Amino acid sequence: MPDHQPPIIRASQLSKRFGAHAVVREVSFELAAGETLVLLGPSGCGKTTLLKMLNRLIESDGGTVEINGQDVRAQRPETLRRGIGYVIQQVGLLPHYTVAENIAVVPRLLGHPPTAIAARTTALLTRLHLPPERYAGQYPHQLSGGQQQRVGLARALAADPPIVLLDEPFGALDPLTRASIRREFRELEELRRKTVVLVTHDVTEAFELADRIMLLDAGQIQQLGTPRELLFRPANEFVRRFFAAERLALQLRTLTLGDVFLDLGDEVSTGDQGYLPAYSPNGLTSSALTAKTTVHEALEWLTGPTPATAPFTVPQLMGAFGEALQREEDAWKR
Ligand SMILES: Nc1ncnc2c1ncn2[C@@H]1O[C@H](COP(=O)(O)OP(=O)(O)OP(=O)(O)O)[C@@H](O)[C@H]1O
């Protein structure tokens, strides 16, 4: 986290018991504006409870949460929640409201002018690949699960809250829809600017979306760090074992072209601008390969339906990937 930015969320020694069961135990963390934190861990480890303490859907028994330096308990819960987007797995759309009406709920409560709400709704639906002329007037039961999930996200973003909390937002979807929505989600400019806390038990999802991951077990932080730190510098045996089964898949999603092709230096150092032509693995997205592209994404691109010429082949990429893994391990031993 950059030093100069004050944290937008600061949790100190947060704790929660249900009866005799300590569900969250003295959890502390800070989150900078624009960061995405993923809460990860086995079922029942306290992820949802921790998330809900941030917007006071659950009251803590100990510790504090400050948002922009203000203790959340100093605000009325309803006021607090209007300033924080919240998305849950069950989506929770109001069945007798149209898509547009569902999206407008919080902006209306906040007294935004109707014309501004309509413009915002149109923009969000367009960005989430739900053409407004077709979907704005539909009712939730007329939509697929993935479409409902997108409307849930649009609703959470409607009032442009600086913080968005997401509890298993893709949980109810089949794996294919889930992967493609996840990709859209990552590429949504709107979310990149926001501070996001996302709960999942899906390790791949955590690695694809997180700036930092908090791995919890039995209500306690086992490790809080970047995906790379958790994978290559596990803090303890629990962390190491938690990722063991999917290690290769995670390594492919963690190392980037910039990591593996050190000798492509100049070309790769173009950074965000990209050095390869537009890329569209499944027709859903279009972006360029850059030094920040993961090996996994590059492989999808190289083996996709419309592979273009790249400065490397699959065997070259895999060879360089193997060498990069070795470098990581050597750096760890030193
Ligand atoms: N209202 C409640 N009353 C009593 N126990 C609760 C309550 N809410 C949660 N718990 C318990 O607290 C523990 C943590 O629950 P929580 O939902 O935070 O876990 P989780 O990590 O989000 O799990 P999952 O991944 O299965 O959703 C569980 O053992 C759960 O049964």
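Sequence-distant or interchain residues sharing an amide H contact under 5 Å with Ile58, placed H: which?
Here Met53 satisfy the definition.
Roughly how many Å² is the accessible area per residue of the range 10-118, as a whole number, for a 1.4 Å probe?
That works out to 48 Å² per residue.
Over the range 1-104, calculate the relative contact order: mean separation of alpha carbon pairs under 8 Å at least 6 apart, over the residue count, as a percent. If you can, show how the numbers build up before the last one.
Working: 127 pairs, mean separation 27.8, N = 104.
Computed value for the range 1-104: 27 percent relative contact order.
Can you list the residues, at least 5 places off or on another chain, whose amide H is less than 5 Å from the amide H of Val199, using H built in the peptide plane?
Result for Val199 returns Leu39, Leu166, Asp167, Glu168.
Considering only C-alpha atoms, what is the centroid distance from the range 19-38 to the range 77-143, in Å?
The range 19-38 and the range 77-143 have Cα centres separated by 28 Å.
Starting from the Kirkwood radius over alpha-carbon pairs of the range 1-146, derive D by Stokes-Einstein at 10 °C in a medium of 1.306 mPa s and give it in µm² s⁻¹.
Taking Rh from Cα pairs, D becomes 90 µm²/s.
Please list, in chain and number order, the residues 5+ apart from Leu255 or on another chain whose amide H is under 5 Å from its amide H, with Hs placed from the backbone.
Hits under the 5 Å cutoff: Val295.
Where only protein heavy atoms count, and the probe is 1.4 Å, what is the accessible area per residue for the range 215-259 in Å²?
43
His112 to Lys333: FRET efficiency via 1/(1 + (r/R0)^6), r the Cβ-Cβ distance, R0 56 Å, to the nearest 0.05?
Working from the Cβ atoms, E equals 0.50.
Once phi is turned into θ = phi - 60°, what whole-Hz ³J(HN,Hα) does the Karplus curve with 6.51, -1.76 and 1.60 give for every residue of the range 227-244, x standing for Gly and Pro?
x, 4, 5, 5, 6, 9, 10, x, 6, 7, 5, 4, 5, 4, 5, 4, 9, 4
Let me know the shape class of the chain, please: from the alpha-carbon gyration tensor, a ≥ b ≥ c as square roots of the eigenvalues, rounded when a/c is under 1.5, otherwise prolate if a/b is greater than b/c, or oblate.
Values: a/c = 1.96, a/b = 1.21, b/c = 1.62.
The shape class here is oblate.
To the nearest 500 deg cm²/dmol, what mean residue ellipticity at 222 nm is calculated for the chain from DSSP H runs of n ≥ 4 alone, each contributing -39,500 (n - 2.57), summed and divided by the residues?
-11000 deg cm²/dmol
Relative contact order for the chain: what is it in percent, counting Cα pairs under 8 Å that are at least 6 residues apart?
Relative contact order comes out at 17 percent.
Probe radius 1.4 Å, ligands and nucleic acids ignored: give me the carbon and sulfur share of the accessible area of the range 9-112 as a rounded percent.
49
Could you give each residue of the range 315-332 its phi-based ³J(HN,Hα) in whole Hz, using Karplus coefficients 6.51, -1.76, 1.60 with θ = phi - 60°, and x for Gly or Pro?
x, 5, 4, 5, x, 5, 5, x, 5, 5, 4, 4, 4, 4, 5, 5, 4, 5
Based only on Cα atoms, what Rg/Rh ratio does the range 160-211 have, Rh being taken as Kirkwood's radius?
With Rg and the Kirkwood Rh in hand, the quotient comes to 0.94.
Given a 1.4 angstrom probe, I'd like the percentage of the accessible area of the range 152-214 that is carbon and sulfur, rounded to a whole number.
Here carbon and sulfur together make up 51 percent of the probe-accessible area.
Averaged over all directions, how much area does the convex hull of the C-alpha atoms of the range 103-164 cover when projected, in nm²?
Numbers: hull surface 16.8 nm².
Result: a mean projected hull area of 4.2 nm².
The values are calculated or read from the model by the stated rules, or taken from the named source; none is laboratory data. Here the structure is a predicted model, which is why all the values come from computation and not from measurement. Cβ coordinates were reconstructed from backbone atoms using ideal geometry, including for glycine residues, and neighbour counts include every protein chain displayed. Side chains included, ligands, DNA and RNA excluded: accessible areas come from the protein's heavy atoms. Shrake-Rupley method; radii C 1.70, N 1.55, O 1.52, S 1.80 Å.
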